[in-house]
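Visitor: Provided herewith is a single structure, encoded as structure tokens, for subsequent inquiry.
What follows draws every value from the coordinates through simple rules; no lab data is involved. In this text the structure is predicted, and so the values were computed from the model without any measurement. All Cβ positions, even for glycine, are placed from backbone atoms using ideal geometry, and neighbour counts span all protein chains on display.
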Amino acid sequence: MKKIIAVSDSHGNRDLLRNALSQAAQGSPIDLCVHCGDGVRDMDSLADTITQANPHARVYTARGNCDLASFDVPTLTLFEANGVPMMVTHGHLFGVKHELESLLCVAEARKAKVVFFGHTHHPFLETVRGITLINPGAICAQMPGNIAYAQVLVDAGGKVRADLMKWLD
């Protein structure tokens, strides 16, 4: 079983990001960590924390519209977990604040079955045309009851279970 944690829009709030990753790591270590942009350097600063708990963990990021000094980070990253093709992007280049069709078309063209995105600051989880679209919301808005991150579990056979996880009180 692969455990994937996705966050987005930390906007410099590294303490909140650290809190979310700590909460997510309770019970079992994180195998893959995804940051959907607008804070990719925040994720860079905490990547060692993830790999200390699980040396085989991987971190995937995508540059967002506010990641001004991160031109070395791609705006779209492809990866896989237990054979399931996945994609992470911030979403600003695909107009996700207004519609998801462009994002779906890119996912279909890249054969991604799970797509992580951010930009809207609103959590979203829905499967459309066989593609699971996940927006973990904005990690910079920590309040009990709000969504902290998305968790995706992928079993050895490629079965995907996705959930939006709330901040604990």
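Visitor: With springs connecting C-alpha atoms under 10 Å apart, model the chain as a Gaussian network and identify which of Ser70, Ser28, Ser102 has the largest mean-square fluctuation.
Guide: Highest fluctuation of the listed residues: Ser28.
Visitor: In a shell of Cβ-Cβ distance under 12 Å around His119, excluding His119 itself, what net charge do Lys and Arg (+1) and Asp and Glu (-1) give?
Guide: Residues near His119 contribute -1 overall.
Visitor: Another question, if that's okay. Using the Cβ atoms and a cut-off under 14 Å, what net charge is assigned to the surroundings of Leu68, where Lys and Arg are +1 and Asp and Glu are -1?
Guide: After counting each charged neighbour, the total is -2.
Visitor: Now a separate question. Given the Cα atoms of segment 61-103, and with Rh set as the inverse mean 1/r over their pairs in the Kirkwood sense, what is Rg to Rh to two decimals? Don't skip to the answer; put the middle values down first.
Guide: Working: Rg = 11.7 Å, Rh = 11.4 Å.
Rg divided by Rh gives 1.03.
Visitor: Can you tell me the dipole magnitude for segment 2-166 around its Cα centre, using point charges on the Cβ only (Lys, Arg +1; Asp, Glu -1), in Debye to the nearest 20?
Guide: Working: 15 positive and 16 negative charges, 70 e Å.
Charge dipole of segment 2-166: 340 debye, to the nearest 20.
Visitor: Run through all the Cα pairs of segment 1-90 and give the fraction in each 10 Å bin from 0, expressed as whole percent.
Guide: 18, 52, 29, 2
Visitor: Around Val152, under 9 Å between beta carbons, what's the net of Lys plus Arg minus Asp minus Glu among the other residues?
Guide: +2
Visitor: Just how many % of Cα pairs in segment 41-118 lie over 16 Å apart, if you round to the nearest whole percent?
Guide: The answer is 56 percent, as a whole percent.
Visitor: On to the next question. Can you divide the C-alpha Rg of the chain by 2.2 N^0.38 Å and report the result to two decimal places?
Guide: 0.93
Visitor: For segment 114-125, what does the Karplus curve 6.51 cos²θ - 1.76 cosθ + 1.60, with θ = phi - 60°, yield as ³J(HN,Hα) per residue in whole Hz, taken in order and with x for Gly and Pro?
Guide: Each residue of segment 114-125 in turn: 10, 10, 9, 8, x, 6, 7, 6, 10, x, 8, 8 Hz.
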